[in-house]
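Asker: Quick one: this structure, given as structure tokens, is what I'll be asking you about.
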Amino acid sequence: MYAAALFDLDGTLIDTEPRSQEAWSRLFRSHAVPYDDATIRSFAGRPAREALGDHVHRFSGRTVDELFAEAIHYTTLADMPAVGTVPGALELVSRLRA
């Protein structure tokens, strides 16, 4: 018998990937830096600053920290994709609670 369950939220219980992909896309677009879907997908599952480090040279005069702050800002905008639950997550948590 277990008394608790521990989960990493992002990608396990909640799906923030559509929002994250849009934030990264906006970052590239706002600086007129060319990108493709593969570039944006390369950010998934990695620390953001590490992923930005692979591309910072393409953003003239910007630092990783500046770019990271800008991308985080985009995630707060009202027109961003909604954060949703991973399919089956609510059911799993409900069953575990029961």
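Asker: Quick check: anything in region 42-49 surrounded by 15 or more Cβ atoms within 10 Å (Cβ to Cβ) and not hydroxyl-bearing (Ser, Thr, Tyr)?
Answerer: Checked region 42-49: at least one residue is surrounded by 15 or more Cβ atoms within 10 Å (Cβ to Cβ) and not hydroxyl-bearing (Ser, Thr, Tyr).
Asker: Could you list all residues from region 32-50 that are at pLDDT 95 or above and out of contact with any helix residue (DSSP H, G or I) (no Cβ under 8 Å at 6 or more places or on another chain)?
Answerer: Ala32, Asp36, Asp37, Ala38, Glu50 - these are the residues of region 32-50 that are at pLDDT 95 or above and out of contact with any helix residue (DSSP H, G or I) (no Cβ under 8 Å at 6 or more places or on another chain).
Asker: Further question: Quick check on Val64: is it at pLDDT below 95 and surrounded by 11 or more Cβ atoms within 10 Å (Cβ to Cβ)?
Answerer: No.
Asker: Right, here's the next one. Which fully enclosed helices (runs of 4 or more DSSP H) of region 14-79 have 2 or more residues being touching a residue at least 40 places away in the same chain (Cβ under 8 Å)?
Answerer: 17-30, 64-75
Asker: Name every residue in region 45-76 that is among the aliphatic types (A, V, I, L, M) and over 13 Å from Ser20 (Cβ atoms), in order of residue number.
Answerer: Residues satisfying the conditions are Val56, Val64, Leu67, Ala69.
Asker: If a residue must be among the small types (Gly, Ala, Ser), exposed (fewer than 14 other Cβ atoms within 10 Å of the Cβ) and in a helix (DSSP H, G or I), how many such residues does region 80-98 contain?
Answerer: Of the residues in region 80-98, 1 are among the small types (Gly, Ala, Ser), exposed (fewer than 14 other Cβ atoms within 10 Å of the Cβ) and in a helix (DSSP H, G or I).
Asker: Only residues that are of a type in the set (Val, Ile, Thr) and more than 30 Å from Ser94 (Cα to Cα): list them for region 1-58, please.
Answerer: Result: Val33, Thr39, Ile40, Val56.
The values are calculated or read from the model by the stated rules, or taken from the named source; none is laboratory data. Keep in mind it's a predicted model, so treat the numbers as computed, not measured. No Cβ is skipped: glycine too gets one built from the backbone with ideal geometry, and neighbour counts run over all protein chains shown.
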